[in-house]
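The values are calculated or read from the model by the stated rules, or taken from the named source; none is laboratory data. This is a predicted model, so every value here is computed, not measured. Positions of Cβ are generated from backbone atoms using ideal geometry, with glycine treated the same way; all protein chains shown enter the neighbour counts. Quick note on the areas: whole protein, heavy atoms, side chains included, nothing else; ligands and nucleic acids left out. Shrake-Rupley method; radii C 1.70, N 1.55, O 1.52, S 1.80 Å.
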Amino acid sequence: MQSKDDSLPSDLLLPSSLTFKRVQLEEKYPRGSQVRGGRHWKHLKQILQPHNLHDLPPDEANYVTIEAPPSMYPAKKFCDITGLEAPYTDPHTKLRYANPSVFAIARSLPHPHAQAFLALRGAQTIVK
């Protein structure tokens, strides 16, 4: 057993800085600061203020213009009845549907109602 006089210095037991850490906790979170502080969000005016947007070419996409190049991804298809993503299309009515229960509803719709759903999507079929 060790006596109180033979005790080790506190620096050997708990070093003041951890050499294997790149950023010390004291540097990252100084005393008195909030460790879990809220994220600071910038408003659009704050983002646009430091930039001279009037000097940019008019055909370049930026925060002010809404024109952007077309997406490289295919357009998503949505169910005509529920609005969910629709991986299926009914070959009889041409309505898009999300699951089998919606398929049953799509098949039970009268022809004018199915045409009305297609008109909302802009995919009317003209029957001659």
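Amide H neighbours of C79 under 5 Å, counting only residues 5+ apart in sequence or on other chains, H built in-plane at 1.01 Å?
Answer set, sorted by chain and number: L84, E85, A86.
If you plug each phi of region 94-106 into the Karplus form 6.51 cos²θ - 1.76 cosθ + 1.60 with θ = phi - 60°, what whole-Hz ³J(HN,Hα) values come out, in order, with x for Gly and Pro?
Calculated HN-Hα couplings, in order: 6, 7, 8, 9, 9, 8, x, 5, 6, 4, 4, 5, 4 Hz.
At 1.4 Å probe size, put D90, D55, D80 in order of accessible surface, largest to smallest.
The residues order as D55, D80, D90, largest area first.
Find out how many positive minus negative residues lie around T89, taking Lys and Arg as positive, Asp and Glu as negative, among other residues whose Cβ is under 10 Å from that of T89.
Once all neighbours under 10 Å are counted, the net charge is +1.
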